[in-house]
Amino acid sequence: MLRFLIGRVVKIVIILFAITVLNFCLIHMAPGDPALVMAGEAGDADPQFIEDLRRQFGLDQPFYVQLWTYLAHFAQGDLGYSYRQQASVASLILDRLPATLILSISAFVISLAFGVLAGVVAAARQGRWSDSIISTVALLFYATPLFWMALMAVLLFSVNFGWFPAFGYETAASSYTGLARAWDIAQHLVLPAVTLGLFFMATYVRITRASMLEVNRLDFVKTARAKGLKSSVIQRRHVLRNAILPVVTLAGLHAGQLVGGAVLIETVFAWPGIGRLMFEALQSRDYNLLLGVFTVSAALVLLFNLFTDLVYRVVDPRIRLA
């Protein structure tokens, strides 16, 4: 196990380094001059002022010099400086990262728990009305655009019913502390987390149902039935344990996508995570900040994939980590 972890960590470092180089190249190929943006916001279009800005932030250096400088700082854990927000990129990301992790993990748990449960129920009741309802609802959520669901959730559960706050991370200017603040954040979390999780939950329902039905037809399940084991024991110990592996694979991929998918949800619900930070950096052509967010998002995806491989080993010990 230790050898596996060391090998994967080395691979993660190499892949992350390659992703950083690729992102740096792509971002610098994008049109737009950050110095012109800053000069425009400062209300000064003097060519000398613009040239001073380029010199101050190293934008006048050749591309390979900028790349080498960035990688040298990156190797030391320095993600650079946001010339737009006048702060280090690491501090800006660390300030927003907890909100994104809370949203992504909540959506992931909701989608996985309810998706697998509904898929198991649908497979156990194949061909009945409950199977049809679950499959239809899953298909509906799968086919509905995420932004439309987000807007409808705000309109229905916040504006019409007033059950949950529509926007933000917590009540503005509140003096909540401790459990009262946690409850306030939880209320603000419901709509964005459920909306983000619905699409992935629909996928888990369909995959779990199909996988359960396939495993149900295998010989070892027929043998277990012939031995007189209870149906609930067969489903839990033999069918679900084997059928869950494709779901675990998909969940590992989706865990990374949830971080990326949070960009849209954070924008709609005004959730102060790194998704909104990335959107703001893109609008202001804050290249260092944008590159830092990309790098942290890639690191999270790689870590989620490592976690998925470890879960594989727990779910099915026959799988050898390599």
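The values are calculated or read from the model by the stated rules, or taken from the named source; none is laboratory data. None of the values given here were measured: they were computed from a predicted structure. With ideal geometry, Cβ positions are generated from the backbone for all residues, glycine too; neighbour counts draw on all protein chains shown. Surface areas here come from the heavy atoms of the whole protein model, side chains and all, with no ligands, DNA or RNA. Shrake-Rupley method; radii C 1.70, N 1.55, O 1.52, S 1.80 Å.
Before moving on, here are some points about what is shown:
- Top of 219, 184, 131 by mean-square fluctuation, Gaussian network on the chain, Cα under 10 Å: 219
- Protection proxy ranking of 220-231, 15-26, 102-113 - average other beta-carbon atoms within 10 Å, highest first: 102-113, 15-26, 220-231
- Label separation (residue 148 vs residue 131): 2.9 nm, computed from points 7 Å beyond Cα along the C-beta direction.
- Per atom type, the chain shows carbon and sulfur on 67% of its accessible surface, probed at 1.4 Å.
- Working note: 222 nm ellipticity from helices only, DSSP H runs with n ≥ 4, each -39,500 (n - 2.57), summed and divided by the residues of the chain, gives -25000 deg cm²/dmol to the nearest 500.
- Of 248, 296, 137, the one that fluctuates the most in a GNM where the chain has Cα springs shorter than 10 Å: 137
- Debye equation applied to the C-alpha atoms of region 70-119, log10 I(q)/I(0) at 0.24, 0.25, 0.27 Å⁻¹: -0.87, -0.90, -0.95
- Lys, Arg +1 and Asp, Glu -1 on Cβ, resulting dipole of the chain about Cα centre, debye, nearest 20: 2580 debye
- Taking the chain as a Gaussian network of alpha-carbon nodes connected by springs under 10 Å, the highest mean-square fluctuation of the residues 189, 97, 155 belongs to 155.
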